[in-house]
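One structure below.
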Amino acid sequence: MGGRFGWLVSYPKSGNTWLRMMLFSVMSGQTAVDINRLSNEASIAHFAEMDRLFGIDSSELTEAELAEARPALHAVLAACSTRPLLLRKIHDRYWLTPSGVPVFTPDLSQGAIYLIRDPRDVAVSYAHHRGVDIDEIIERMADDALFLGGADSRGKEQLPQPLGSWSGHARSWLEQTDISVLVIRYEDMLQDPLTSLSRITAHLGIATTLGQLQAAVAATRFDTLSRQEQTLGFRERLASATAPFFREGRSGGWRVRLSDAHVRRIIDRHGSIMARFGYLS
């Protein structure tokens, strides 16, 4: 049958996992979501996936060879899909392989959702997620050469993902013209999840009813997901994390968790994009 991709794009800790769960609820017709049964639903590309589909040991490939293989991996996944829309969570910036081929093939793309969140709240949440201090995370978020995954993950974890800085990541997706992008602010999704989810499904061509959207929002309430994690754990939570994955589910927490110096450093590096999306008004 074959399908096309709906890319779910975000910098880490910007609501991507929550969005995956809402869309899973809508598309599966389920009124409840099991947070530990989403590993194959819109999951980030792993070494094991490449090994399985290509019949190779991807740990033997160089970084350049892995990069060149990413578009081929997407082509195989699209060709094998039994559904017209194949969701894919990605933290990558928009990038090209060393030979100049778009990693996220335009011809296989239905569209992209770009979730953006106030970087001050991202810094707080990301520090808890990684189990490191705020100063280290602020430096990471300003690093244009930052990668996720990579050589230290070979054979067991996620494929290398060029991430870059928070503002550079946003620009890479907002300034490319290959794939249609809908930007959704995490803060708006918190305030009115029904409207945000309606816009997202429309952009990706997912046929829905108001009842389906309302059920998905109800099934993925933060307190519901948090209780599941407390009771059953969450497979995607890092072992190094110092707090639950579903920690607070709100915006503006940076106001009591960041020092004035922290805030200045974030604004100095990312102020132009922050202003563009209303984070400095």
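Values quoted throughout were computed directly from the atomic coordinates according to the rules given, and no laboratory measurement underlies them. Just so we're clear, the structure is a prediction, and the values are computed from it rather than from any experiment. Cβ placement follows ideal geometry from the backbone for every residue including glycine, while neighbour counts extend to all protein chains displayed.
Using 0.36 nm per residue and subtracting the Cα-Cα separation, the extra length available between V132 and T82 on full extension is 13.9 nm.
Segment 101-143: percent of C-alpha pairs farther apart than 16 Å? Everything past 16 Å amounts to 53 percent. Need one number: the % of Cα-Cα pairs in segment 116-194 sitting beyond the 17 Å mark. Cα-Cα pairs of segment 116-194 separated by over 17 Å account for 60 percent. Amide H contacts under 5 Å for S81: G2, G3, restricted to partners 5 or more places along the chain or on a different chain, H placed in the peptide plane at 1.01 Å from N.
Multiplying the residue separation of R250 and V183 by 0.36 nm and subtracting their alpha-carbon distance yields 22.2 nm. Note on T209 and F147: their simple-model spin labels are 4.9 nm apart, each label 7 Å out from Cα toward Cβ.
The simple spin-label model puts a point 7 Å past each Cα toward its Cβ; for F54 and L194 those points are separated by 4.6 nm.
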